[in-house]
Amino acid sequence: MILAALLGAVAGVALQLQQAVLWPLWACQALLALGGLLLPAARRCPGGAWRAAVAALAAAALLGGLTGWRALERQAQALPEAQEGQDLTLLGHVAGLPRAGERGVQFEFELEAANWRGRPVRLPPVVQLGWWSRAAAPAEKADQGADIAPPRVRAGQRWLLEARLHRPHGLANPDGFDLELWFWEQGLQATGSVQTGRGHEPPRLLPGQAWVPVAAARQAVRDAILAAVPDARAAGVLAALVVGDQAAIDSVDWDVFRLTGVAHLISISGLHVTMFAWLAGVLVGRGWRLLARLWPGLLYRLPAPTVAPVGGLALAVAYAVFAGWGVPAQRTVVMLSVLTLLRLAGLRWPWPLVWLLAMVAVLLLDPWALLQPGFWLSFVAVGVLFASSWLGPAPARPGGRLAWLKELLRTQAIVTVALAPLTLLCFGQLSLVGLLANLVAIPWVTGVVTPLAFLGLAWAPLWRLAAAAVQLMTLGLQWLAALPWAVLERPALPGLLMALALAGAVLLVLRLPWTLRAWGLLLAWPLLVWAPLRPPAGEFELLAPDVGQGSAVIVRTAHHTLLHDTGPALGQASAAQRVLLPLLRAAGERPELLIVSHSDQDHSAGLPELARRYPRLELSASYDTRASAGRPATRCEAGQRWVWDGVGFEVLHPRAADYVPGAADNSLSCVLQVTSAGPGGARVALLTADITAREEARLLRELPALHADLLLAPHHGSLTSSSAAWLAALKPRQIVIQSGHLNRYHHPAPEILQRYRELGLPWVASPACGAARWRSQEPQRVDCQREQRRYWQDGRLPQRLSAARGPELPTASLAARRQ
């Protein structure tokens, strides 16, 4: 019955997380009442099966109703629509650890009061603010930047300032990171930028400090580490280990840690907190026994086996708080608390019950953790270790000096094999050198780097010694990461196949006869051989990812893949790193040709990363790519044609005569036409980059029969393009506009959208649609990623998406317009 109730509780949370729109409060209260009635009734049910079913239903109703109630409370804190994008006067204090960068500083701001046009308004209690210098502000926020460089912002400071706030909005792509879920889980219901300059009151630093002792201490320690260690990259790793400031780690180092499978060692994860609790418990137990020698009766009142785990847990909580009290640390503290309470109560439950009880306790704290990869990686690893030591008798292992090394090798091998399918599901890649890297890095980080980093709190010179240890480790990891076979990449499996592969991996590491373990190989086999479906011969598929204020398109045929543009820079990374590479990995793609339409950064910022990641990638561009890609590209010219799998590709612009000194970048944009040859007839997609009305007119003169079933809106819907003559001649069935949310250029222009409406042209735009997928077999349909929404996403997006699709025209009228 207990097992059924725990499984039902997890299922109740999982089902609630599938809601697109939250149920009303009365429905959540009804679920809680139903669960309260069924739970005692379960004990009186005849038969074990009925009792278990009723207990599972009761637990599911209780946890589902409670999660829905909490979600409604959190949703009620959302930024009111009337205040979105307005100049608000905020009074509050810096609540956490500010994160400084090249563009400015970002911090959490806890509000004490807020005013709009002289009247008090209700806003979310905590917001995330960016104080950017205007010259270095993100492209979509440049009009919100400061005229002067932001000052040094510190934890606890009280400010009176003006800011513009918006509801959290992230990129929406298949297999992409859900930024809006992350904001929701962190309790941040608004983000914004500090406003300075003409028309704004200058921010004022107020006297006095808010009481945030932990954040202030963390900032003091981080500043001391950065001042004491000359190597900024090594100092960033130490800051991450001591105070949990993961933003201090250089992006290059993050790539190395990820490729070698040791990223979990650098972030304040469950492993750190668990190891700290174990070491602290050992030290507390030994210290208590030493005290018992002075007071012999001490052990009778409080035995060391009781004091040690409680003391270790208390110190682990203190460590987690000092390290930022991040969500992974919170989960681990809850799990350790459950295990400690069970031990103190003298309960010896089977491991599945202990494992599930810890999971339910974590979900009570943070139900949205169920959607985070870190949650599953942590719990599956713990469960596998439980199961591998519980099922069957442990084989006799010889003692000796190397026994600990053999046990470490066995443990790491078990976790690596069992987590391989889950790692591939979550990240699309698996480090093949991870076992070797972790065998060295785990004892090095936990036994050398971390102790030296903490001892540096007492004597700062030890931080330099710790930094030297980090540098030595990084050199070895860089060598491993550079090996050509260091990482295995596989496309994402469908849910059922992934569940089977995960079960097979777990079966392989259990202490069972090999005649049973061999079935694990069969179950895990799809992990190595499965490939996603591709378009049939003669047809193609086009994906316009959500890359922000920029452009990038993936075109797939039966056996080939082409990229048209690479997207913009996104903070310290690029759209290629954050969007395109994960998409290509998840689809199992290795592109053969990249066409960079022109040199503007919103189209070409990802070129260096893609050229480095795919050294055999053929390049075509309208400018010299040697400075950014390290190798030249073939110049794209009108008339270039080729056929892949029955699909025709042709470059329509620019002509050879257009390459003259002083020609504008936009006027040289490489325009690509893709034409299917399937049984449904020829379907045309036109990728236009940033051509202007002048180039549109020339193309219409030279190609009077030019048309398009799918049109990528020229220049993101700018007024400089999409002329009425162009649209009337092309008569596109669908238009996709790639633009950034609240971008400073105000793309797409309202006048262009009105033109679409007057001509009856359906269209979608990235902010409301997310990634847009179009297939030549279904030319009248565009699939939007944001149609698969959840309640933590912006509730206004369904209406925006409906409006963004423009008029829905019947097939007959579409056909008539094309005659």
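The values are calculated or read from the model by the stated rules, or taken from the named source; none is laboratory data. Values in this document were obtained by computation on a predicted structure and should not be read as measured data. So basically every Cβ, Gly included, is an ideal-geometry build from the backbone, and we count neighbours across all protein chains shown. Only protein heavy atoms, including side chains, enter the accessible area calculation; ligands, DNA and RNA are left aside. Shrake-Rupley method; radii C 1.70, N 1.55, O 1.52, S 1.80 Å.
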Discussion item. Pairing rule first: another cysteine's C-beta must sit under 4.7 Å. Under that rule, which cysteines of the chain stay single?
Written reply: 28, 45, 426
Worksheet item: Among 498, 482, 35, whose Cα sits farthest toward the positive end of the charge dipole of the chain (+1 at Cβ of Lys/Arg, -1 at Cβ of Asp/Glu, about the Cα centre)?
Response: 35
Worksheet entry | Packing-based order for 454-462, 315-323, 674-682, 574-582, using average beta carbon neighbours within 10 Å, highest first | 574-582, 315-323, 674-682, 454-462
Worksheet item: From the list (i) 49, 32, 29; (ii) 50, 31, 24; (iii) 44, 30, 26, can you say which value of semi-axes √(5λ) of the Cα gyration tensor in Å was derived from the structure given?
Response: (i)
Worksheet item: So for the chain, taking the charge dipole from beta-carbon charges (+1 Lys/Arg, -1 Asp/Glu), which of 748, 573, 421 sits furthest toward the positive end?
Response: 421
Practice prompt. Quick one: dipole size for the chain, taken about the Cα centre, charges +1 on Lys/Arg Cβ and -1 on Asp/Glu Cβ, in debye to the nearest 20.
Written response: 2400
Practice prompt. Determine the order of 175, 645 by accessible area, beginning with the largest, at a probe radius of 1.4 Å.
Written response: 175, 645
Worksheet item: Going highest first, how would you order 543-549, 120-126 by mean Cβ packing within 10 Å?
Response: 543-549, 120-126
Worksheet item: Using Cα pairs under 8 angstrom and six or more residues apart, how large is the relative contact order of the chain, in percent?
Response: 9
Worksheet item: For the stretch 562-618, what is the Kirkwood hydrodynamic radius in Å, using each pair of distinct C-alpha atoms?
Response: 11.1
Discussion item. I need the helices of the chain that pass two filters: whole DSSP H segments spanning 20 Å or more by Cα along the axis, and mean Kyte-Doolittle score no lower than -0.5.
Written reply: 2-16, 25-43, 48-75, 213-228, 270-294, 304-322, 327-344, 351-365, 373-390, 403-427, 461-481, 495-509
Item to complete: Find the relative contact order for the stretch 718-799 and round it to a whole percent, using C-alpha pairs within less than 8 Å whose residues are 6+ positions apart.
Response: 28
Item to complete: Arrange the peptides 760-769, 279-288 so that the one whose residues have, on average, the most other Cβ atoms within 10 Å appears first.
Response: 760-769, 279-288
Practice prompt. At 1.4 Å probe size, with every protein chain present, just tell me what the per residue accessible area of the stretch 667-779 comes to in Å².
Written response: 34
Worksheet item: Counting Lys +1, Arg +1, Asp -1, Glu -1, what net charge surrounds residue 632 among other residues with beta carbon under 13 Å of its beta carbon?
Response: +1
Worksheet item: Out of the DSSP beta bridges found with both residues in the chain, what percent are antiparallel (nearest 5)?
Response: 75
